[in-house]
Amino acid sequence: MINLVGRNDPCPCGSGSKYKNCCLEKDSASHVDADEVSNVKATAFKKMSDRLWREAIEDFKTIQDRTGQPYLIFEAIAACYDGEEDYLMAAEFFEKALAACPPQSRAENLYRLGVSRGCAGRFEKAGVAFQECLSLTTDESQKRHLSEIIRQLQSEENRPESNFFLFQVQIQRAFSEMEAEDYNSACLRLENLIRIAPDNPAILYNLGVAYSYLKRDDEAIAVFEKVVEINPSVVAAHYNMGQIWLISKRDFSKALHCFNNAVFHRPDYVGAHHQRGVAYELMGDLEKAAECYRKTLELSPGTKQAEENLARISASLQKQN
């Protein structure tokens, strides 16, 4: 806000002195401090976005007592500790945020506190936080979600040697990183999860997808092969392997084998039928390629790429005849 009081005006504090002889210096210092706090905060949030958790924590702590909304700083520090996977410290700062936050922020902070406590293996205390969060929630789907979490935590209390709750949280975070196209972070998280659950096809499959996006083709193929060894009906793993063999490695025979497996387990898999056609065409078998494109159009009429490919091949076959 712009200060409209002149230096020689009476001080607004009511002392009777001129403003320059009374509160001017204090007010000027206050404005300077506010600017500094704003700059530190902006820098700290930038460090958070770059996953420089420790540096961000140090910056936030320098201003936690110098802002009018300390709960926002406590939330940010807690989120940084969560990023470092120091869940006990994250819980400590979510507790501080709860003590200072307005009522409208309470439910969200209770939820995040519950997650931190659950990841730290403090299942009973996590349940307390989620129970209070449930009491503040009006959305029916969110109520069901919270009730399921509470039930899961109660079962965790009977098997403290494992932390299924932490495992599920890590899976969800990996999927979120995949959706955000942060494949490097997703790979690291999924690789850690595989050490815990080496035969989990969902984790393996998503790790293969992440490897594919990062052009780590050999690792992707190895993971997809393990997926279909565990569960041959995961048709997307067959298909993705086929795409790697087709596009990256140019081994059309192996690509065709993968696409054939995909349609064997799911006969209506449109994409796999189409890519079978591409593989046959690249191998020079135009008759079989045309057959695959026709099947694609039978399952999904109007598929433009299949129409164009079929028209091109049909013209080539007519010339040959």
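The values are calculated or read from the model by the stated rules, or taken from the named source; none is laboratory data. Quick caveat: nothing in here was measured; it's all calculated off a predicted structure. Positions of Cβ are generated from backbone atoms using ideal geometry, with glycine treated the same way; all protein chains shown enter the neighbour counts. Side chains are part of the model used for accessible areas, which takes the heavy atoms of the whole protein and leaves out ligands, DNA and RNA. Shrake-Rupley method; radii C 1.70, N 1.55, O 1.52, S 1.80 Å.
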Would you be able to tell me the number of residues in the stretch 180-195 that are more than 11 Å from the chain's Cα centre (by Cα), buried (at least 16 other Cβ atoms within 10 Å of the Cβ) and among the basic types (K, R)?
0
Could you please tell me which pairs satisfy a Cβ distance under 6 Å, a separation of 6+ or placement on different chains, a first residue in the stretch 36-55 that is free of Cβ contacts under 8 Å to residues at least 40 places away in the same chain, and a second residue that is open to solvent by 80 Å² or more (accessible area, probe 1.4 Å) and not aromatic (F, W, Y)?
V37/R66; K47/E55
I need the full set of residues from the stretch 287-303 which are open to solvent by 100 Å² or more (accessible area, probe 1.4 Å) and either at pLDDT below 95 or farther than 17 Å from G271 by Cβ (or both), in order please.
E287
Answer with yes or no whether R276 is farther than 27 Å from L193 by Cα, part of a helix (DSSP H, G or I), of a type in the set (K, R) and open to solvent by less than 50 Å² (accessible area, probe 1.4 Å).
yes
I'd like to verify a number: residues in the stretch 152-172 that are open to solvent by 40 Å² or more (accessible area, probe 1.4 Å) and either at pLDDT 90 or above or among the acidic types (D, E) (or both), how many?
2
Counted residues in the stretch 198-229 being out of contact with any Asp or Glu (no Cβ under 9 Å at 6 or more places or on another chain), open to solvent by less than 20 Å² (accessible area, probe 1.4 Å) and farther than 22 Å from R250 by Cα come to 3
Kindly indicate which of D268, D218, D199 is more than 26 Å from K304 (Cβ to Cβ) and not in a helix (DSSP H, G or I).
D199
Complete set of residues in the stretch 111-148 that are part of a loop (DSSP other than H, G, I, E, B) and either farther than 20 Å from E75 by Cβ or open to solvent by 70 Å² or more (accessible area, probe 1.4 Å) (or both):
G121, R122, T138, D139
Given (1) modelled with pLDDT of 85 or more; (2) open to solvent by 70 Å² or more (accessible area, probe 1.4 Å); (3) of a type in the set (D, E); (4) in a helix (DSSP H, G or I), where does D35 come up short, assuming only one miss?
(1)
Restricting attention to the stretch 59-94, which residues are touching a Lys or Arg at 6+ places or on another chain (Cβ under 9 Å), outside any loop (DSSP other than H, G, I, E, B) and farther than 21 Å from A126 by Cα?
D59, F60, I63, P70, L72, I73
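Results for (1) buried (at least 18 other Cβ atoms within 10 Å of the Cβ); (2) in contact with a Leu (Cβ under 7 Å, 6 or more places away or on another chain), shown as yes or no for each residue.
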residue: Y81; (1), (2): yes, no
residue: E85; (1), (2): no, no
residue: A90; (1), (2): yes, no
residue: F93; (1), (2): yes, no
residue: A100; (1), (2): no, no
residue: N109; (1), (2): yes, yes
When you scan the stretch 246-262, how many residues do you find that are free of Cβ contacts under 8 Å to residues at least 24 places away in the same chain, in contact with a Lys or Arg (Cβ under 8 Å, 6 or more places away or on another chain) and buried (at least 19 other Cβ atoms within 10 Å of the Cβ)?
1
Within the stretch 44-61, restricting attention to residues that are of a type outside the set (G, A, S) and in contact with a helix residue (DSSP H, G or I) (Cβ under 6 Å, 6 or more places away or on another chain), which residue is surrounded by the fewest Cβ atoms within 10 Å (Cβ to Cβ)?
E55
Among the candidates S233, S248, residue that is of a type in the set (G, A, S) and closer than 24 Å to A289 by Cβ
S248
